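J.: One structure is given below, represented as structure tokens, and several questions about it will come after.
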Amino acid sequence: MWVYLLRRLAAGIGVLFVASFLLFVLVSLSGNPLAQLQANPHISPATIAAARDQLHLDEPLLERYWTWLTDLLHGDFGTSTTGQPVGPQIWPRFWVTLKMVIPATILAIILGVVVGVVSAVRQYSAIDHISTGLAYLFYATPVFIIALVLKDFLAVDVNQAVGHTVLYTIGENTPGIAGGWNLFVNSVAHTVLPVLTLVLITYAGWSRYQRAAMLDVLNADYIRLARAKGLSPRRVFYIHALRNALIPVTTVIAIDFATILGGAIVTEVVFGWEGMGRFLYEGLIGPVSPDVNVVLGWMMIAATAVVIFNVIADLLYAMLDPRIRYA
Amino acid sequence: MPEPGPNPADTGPAAPVTVPALGGLGTGGTVASAELWAARAGVGGEARGQFRMAAGRFFHHRLALIGLGTFLFLLLLSMVGPLFWRYNYADITGQFSTPPSLQHPMGTDTIGHDLFAQVMQGTATSIKTALLVAVVATVLGAVIGAVAGYYGGLADSALMRFTDLVLVVPLIALLLVLANGVSNLAGNWFWIALVLAAVLWTYQARLVRGSFLSLREREFVEAEVAIGASDRRIILRHMIPNAVGPIVVSATLTVAIAMLTEAVLSFLGLGIQPPAVSLGSLIANGQDDAGVLPWLFLFPAIFLIVAILSVNFIGDGLRDALDPTQRVRA
């Protein structure tokens, strides 16, 4: 088991190294950070040369990659084009993003599994048809439309109906609010809509896989055997059917974790969260674009998170399915 | 039973391969299981007969027909409509922020553009971008996937390393970076389409590679090799036709994914640039006033969702028609 875990981790680290190289090349070549400066006639060639020097743009690409990588392995993300180190800026924003992503992932898994199982058990019932329809709808709806509908229509209506603001639409909490319980309640009220956005874009797909997997299992011979043996419906459902039906979905959820991180970029922009995704966005549209170290910082943290999530999923997979060989 | 894949790319034969996607959508849907398809397709068989059977199944699929009808209607409206409509999408009409009326069926925006003309233009941009993405990504993916699956070796490992990258980095972030690089170029929709295709081909390639890995072990390929057929002939005449079902289904889903992604890029200001409009950029313009002037947000949003929905319905119909063993979503 431990050997298996280590092997999976090693494979993940290998992928990260390959990704770091490809990403560095891609981001470095995707744009000219000096374009904005060069377009401005009021900026002297000396300033531009200094900026070029500061960004190491005269060095060969491989050399720049090596410098960046060795710094990164020492925990240094380099400096952004404003001259500030990226690390101290990105880590606090990473926690802000996690406040959105982790609850969203957990809720989406629960919702996806429950909806999928219920629609499989009650196949072709009203519930099944409604969940199928909703799944089609959410498949076809881009994340920013869901976010905007929640922000501009749902939140306004709810707040009007209640008479005071219960659903906040800007930021991760109200600035200057007193700490403790009040701050917690306030943060939760700010978190509801962004989390709901991320849940809606992800649960639908998962519920379809869960439904398909559950239907497969329910029609399998060993379930008929379990029923024929006279096991209680409860036992057949939880021990024999559900447990096996969770296996394929684990993989799908792990792969889709990257989607949630991507969706968080848009969600943070719409809801004005000072998270990691917004940092990436500002590094791309900002006055100096692309801000290579900012963009790469986001990419590497996101990629690491995805790899870790996939290792966890593999372990779960192995726990759920004893046929998996660890060796 | 194989162990779970050593990298996220190998999901094992039992698990459906997903097109993990984008900002907007949870899962892009199941890419048809190539092996099952290959197993059914069999050797020889009357090509025409199979095609007619598939067409018959497709035209009995109610949702697929609704999807096809809707998509063709949107295509016609967006391509031909602007020729007959009294306003051009760039015209400033002198009426600001008017709600929908007979004069302006979708109202006007804060500058005075007729929104109906803009939505038609935006739909045209979205559709033509998405179709170009699907064509380029499918051709590129089929060629590279075929070579990797048939020959294996270095080409195969290079492909798999590259697709690993696409799996560990959120797609939308990758596209934002690439789109940022081309967003200042003229004729921007074309470049945006190429950027999308430059990433989305990997899904097609993985799919074709998977089919080819199983097809190349089959007797009819062995027979071809034995009678001395060239690699080119084996790939083009015998293996590609046997993998065409999943390729077509996945190409259709690529259209939907491209529309979603292009909208997200344009919404964030890194996709289609003014003066051109796409549905995503129209929604971005409309969002600030969504509370007061809801039509500015709602009409482009509804058009975008309906367009993507119709393509997904077509894709579902094609899957049921071409690959009857694979019915995950319905």
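J.: Please state which of the following conditions B:Asp164 fails to meet, knowing it meets all the rest: (1) away from chain A (no Cβ under 12 Å); (2) acidic (Asp, Glu); (3) under 30 Å from B:Gly269 (Cβ atoms).
T.: Of the numbered conditions (1) away from chain A (no Cβ under 12 Å); (2) acidic (Asp, Glu); (3) under 30 Å from B:Gly269 (Cβ atoms), the odd one out for B:Asp164 is (1).
J.: Restricting attention to the range A:263-288, and to residues there that are facing another protein chain (nearest Cβ under 7 Å), touching a residue at least 12 places away in the same chain (Cβ under 8 Å) and crowded, with 24+ Cβ neighbours inside 10 Å, which single residue is farthest from A:Leu196 (Cα to Cα)?
T.: Filtering first and then ranking leaves A:Leu280.
J.: Is it true that A:Val149 is assigned to a helix (DSSP H, G or I) and away from chain B (no Cβ under 12 Å)?
T.: Working: assigned to a helix (DSSP H, G or I): yes; away from chain B (no Cβ under 12 Å): no.
Criteria not met by A:Val149.
J.: Report those helices (runs of 4 or more DSSP H) wholly inside the range A:1-102 carrying at least 3 residues which are within 14 Å of chain B (Cβ to nearest Cβ) and either closer than 24 Å to B:Val199 by Cβ or under 21 Å from the mean Cα position of the chain (by Cα) (or both). Spell out the reasoning first.
T.: On the way: elements: A:2-29, A:35-39, A:45-54, A:61-73.
Because the criterion is at least 3 residues that are within 14 Å of chain B (Cβ to nearest Cβ) and either closer than 24 Å to B:Val199 by Cβ or under 21 Å from the mean Cα position of the chain (by Cα) (or both), the helices (runs of 4 or more DSSP H) in the range A:1-102 that meet it are A:2-29.
J.: Within the range B:257-280, how many residues turn out to be among the polar types (S, T, N, Q), more than 15 Å from B:Ala197 (Cα to Cα) and either at the interface with another protein chain (Cβ under 10 Å from one of its Cβ atoms) or crowded, with 24+ Cβ neighbours inside 10 Å (or both)? Show your work before the answer.
T.: Residues of the range B:257-280 among the polar types (S, T, N, Q): B:261, B:266, B:273, B:278.
Going one step further and asking which of them are more than 15 Å from B:Ala197 (Cα to Cα), we end up with B:266, B:273, B:278.
Filter again for either at the interface with another protein chain (Cβ under 10 Å from one of its Cβ atoms) or crowded, with 24+ Cβ neighbours inside 10 Å (or both), leaving B:266, B:278.
Selection size over the range B:257-280: 2.
J.: Need the failing condition index for A:Ile110 against (1) within 19 Å of the chain's Cα centre (by Cα); (2) more than 9 Å from chain B (Cβ to nearest Cβ); (3) under 24 Å from A:Ala212 (Cβ atoms); (4) touching a residue at least 24 places away in the same chain (Cβ under 8 Å), just the number.
T.: Only one criterion in (1) within 19 Å of the chain's Cα centre (by Cα); (2) more than 9 Å from chain B (Cβ to nearest Cβ); (3) under 24 Å from A:Ala212 (Cβ atoms); (4) touching a residue at least 24 places away in the same chain (Cβ under 8 Å) is unmet by A:Ile110, namely (4).
Here is a yes/no grid of residues against (1) under 16 Å from the mean Cα position of the chain (by Cα); (2) among the aromatic types (Phe, Trp, Tyr); (3) in a helix (DSSP H, G or I):
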{"site": "B:Glu217", "(1), (2), (3)": "no, no, no"}
{"site": "B:Arg232", "(1), (2), (3)": "no, no, yes"}
{"site": "B:Met239", "(1), (2), (3)": "no, no, yes"}
{"site": "B:Gly245", "(1), (2), (3)": "yes, no, yes"}
{"site": "B:Thr261", "(1), (2), (3)": "yes, no, yes"}
{"site": "B:Leu309", "(1), (2), (3)": "yes, no, yes"}
{"site": "B:Phe313", "(1), (2), (3)": "yes, yes, yes"}
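J.: Tell me, yes or no, whether the range A:298-315 has at least one residue that is free of Cβ contacts under 8 Å to residues at least 12 places away in the same chain and either among the hydroxyl-bearing types (Ser, Thr, Tyr) or within 7 Å of chain B (Cβ to nearest Cβ) (or both).
T.: In the first step, residues of the range A:298-315 are kept if they are free of Cβ contacts under 8 Å to residues at least 12 places away in the same chain; the result is none.
Scanning the range A:298-315, I find no residue that is free of Cβ contacts under 8 Å to residues at least 12 places away in the same chain and either among the hydroxyl-bearing types (Ser, Thr, Tyr) or within 7 Å of chain B (Cβ to nearest Cβ) (or both), so the answer is no.
J.: Checking the condition at pLDDT 90 or above, surrounded by fewer than 19 Cβ atoms within 10 Å (Cβ to Cβ) and not aromatic (Phe, Trp, Tyr), which residue from A:Ile170, A:Ile130, A:Ile145 passes?
T.: Details: A:Ile170 fails: at pLDDT 90 or above; A:Ile145 fails: surrounded by fewer than 19 Cβ atoms within 10 Å (Cβ to Cβ).
Sole residue among the options that is at pLDDT 90 or above, surrounded by fewer than 19 Cβ atoms within 10 Å (Cβ to Cβ) and not aromatic (Phe, Trp, Tyr): A:Ile130.
J.: Filter the range A:122-142 for residues that are under 23 Å from B:Leu253 (Cα atoms) and more than 7 Å from chain B (Cβ to nearest Cβ) and give the result.
T.: Taking the range A:122-142 as the starting set, the residues that turn out to be under 23 Å from B:Leu253 (Cα atoms) are A:129-142.
Hits for the range A:122-142 are A:His129, A:Ile130, A:Ser131, A:Thr132, A:Gly133, A:Leu134, A:Ala135, A:Leu137.
J.: Is it the case that some residue within the range A:187-194 is farther than 30 Å from A:Asp321 by Cβ, within 14 Å of another protein chain (Cβ to nearest Cβ), assigned to a helix (DSSP H, G or I) and within 24 Å of the chain's Cα centre (by Cα)? Please lay out each step first, then the result.
T.: At the first step, the residues of the range A:187-194 found to be farther than 30 Å from A:Asp321 by Cβ are A:187-194.
Next cut, within 14 Å of another protein chain (Cβ to nearest Cβ) only: A:194.
Pick out the ones that are also assigned to a helix (DSSP H, G or I) and you get A:194.
Remaining after also requiring within 24 Å of the chain's Cα centre (by Cα): A:194.
Within the range A:187-194 (the criterion being farther than 30 Å from A:Asp321 by Cβ, within 14 Å of another protein chain (Cβ to nearest Cβ), assigned to a helix (DSSP H, G or I) and within 24 Å of the chain's Cα centre (by Cα)), the answer is yes, since at least one residue qualifies.
J.: Okay, moving on. Can you find a residue in the range B:299-319 that is under 30 Å from B:His60 (Cβ atoms), modelled with pLDDT under 90 and among the hydroxyl-bearing types (Ser, Thr, Tyr)? It would help to see each step written out before you state the result.
T.: We begin by selecting, within the range B:299-319, every residue under 30 Å from B:His60 (Cβ atoms); these are B:302-319.
Filter once more, keeping what is modelled with pLDDT under 90: B:315-319.
Imposing the further condition that a residue be among the hydroxyl-bearing types (Ser, Thr, Tyr) reduces the set to none.
No - not one qualifying residue is present in the range B:299-319.
The values are calculated or read from the model by the stated rules, or taken from the named source; none is laboratory data. Worth saying up front: this structure is predicted, and the values here are computed from it rather than measured. Cβ sites come from the backbone with ideal geometry, for glycine too, and all protein chains shown count toward neighbours.
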